[in-house]
Amino acid sequence: MKSEALLIVDMSNDFVHKNGALSAGVAAQKIVPYIMEIAQTFLDQEGLVVITMDAHQKNDKHFELWPAHNVVGSWGQKLYGDLGNWYEQNKNNKRLFYVPKENYNAFHGTDLKVILNGWNVEKVHITGVCTDTCDFLTLAGADANGFKTVIHSRGTATFTKHQELFLEHAKLCFHTEIIK
């Protein structure tokens with residue numbers, strides 16, 4: 001796994017907790033154990049784990065389109081539940097990174113590509129929320145930056161009815177491998 005990275009996308013209170021501003025609800029809560037298990041496997045097998053997290057300012061123009069969410073430093077932006085505890089226990093691991101982002105695509109305007117290239121990553125695995133927005137557009141960013149892509153259907157969720165459609169669309173558009 002040395003040339004592979006797991007991206008954990010937007011697993012915040014606002015996207016996962018039942019009281020979150022844009023929660024995918026139970027579907028997102030159910031994927032947490034799977035994400036924690038695969039993240040630990042990546043670390044144990046010398047892969048990289050990158051938590052990418054929406055990071056908005058209070059007056060972000062993004063809130064003209066969506067309800068306010070993931071405001072920097074807020075409860076809503078914190079990692080959800082047991083995943084937050086897992087991060088705290090592992091945050092000093094040199095193979096674990098936290099990358100704040102302002103765009104749906106975790107590559108846009110961040111140093112994600114630099115981090116991955118610095119560790120000679122060739123393949124990017126995607127987990128987190130939401131399958132049809134940030135996960136899909138991060139896959140597009142990975143593909144545009146020359147990475148092979150994998151998405152874990154058991155490790156992704158959304159608040160729409162488009163989960164399967166976007167998994168198949170990722171396979172069609174980016175030749176993304178789907179792990180069921």
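The values are calculated or read from the model by the stated rules, or taken from the named source; none is laboratory data. Here the structure is a predicted model, which means the values were calculated and not measured. A quick note on method: Cβ atoms are made from the backbone with ideal geometry, for glycine too, and the neighbour counts reach across all protein chains shown. Note: areas computed on protein heavy atoms with side chains; ligands, DNA, RNA excluded. Shrake-Rupley method; radii C 1.70, N 1.55, O 1.52, S 1.80 Å.
Figures for the structure shown
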{"quantity": "Rounded to 5, percent antiparallel among DSSP beta bridges of the chain", "calculated": "5 percent"}
{"quantity": "Set of segment 100-124 residues, backbone N closer than 11 Å to the point 7 Å along the Cα-Cβ line of V72", "calculated": "100-102"}
{"quantity": "Surface accessible to a 1.4 Å probe, C173 within the full protein complex, Å²", "calculated": "60 Å²"}
{"quantity": "Pairwise label distance in nanometres, Y34 with Q89, each label 7 Å out on the Cα-Cβ vector", "calculated": "2.1 nm"}
{"quantity": "Whole-number percent relative contact order across segment 57-180, with pairs defined as alpha carbons under 8 Å at least 6 apart", "calculated": "18 percent"}
{"quantity": "Size-normalised alpha-carbon gyration radius of segment 59-180, reference 2.2 N^0.38 Å", "calculated": "1.09"}
{"quantity": "Accessible area in square angstrom per residue, segment 66-155, 1.4 angstrom probe", "calculated": "46 Å²"}
{"quantity": "Rg(Cα)/(2.2 N^0.38 Å) for segment 34-99, N = residue count", "calculated": "1.30"}
{"quantity": "Approximate spin-label separation V114-T41, in nm, with each point projected 7 Å along Cα-to-Cβ", "calculated": "3.2 nm"}
{"quantity": "Selection from N85, H108, L48, by position along the positive dipole direction of the chain (Cβ)", "calculated": "N85"}
{"quantity": "Fraction of accessible area attributable to carbon and sulfur, the chain (%, probe 1.4 Å)", "calculated": "51 percent"}
{"quantity": "Assigned charges on the beta-carbon of Lys, Arg, Asp, Glu; segment 14-125 dipole about Cα centre (debye)", "calculated": "80 debye"}
{"quantity": "10 Å binning of all Cα-Cα separations within segment 1-123, expressed as whole percents from 0 upward", "calculated": "13, 43, 34, 9, 0"}
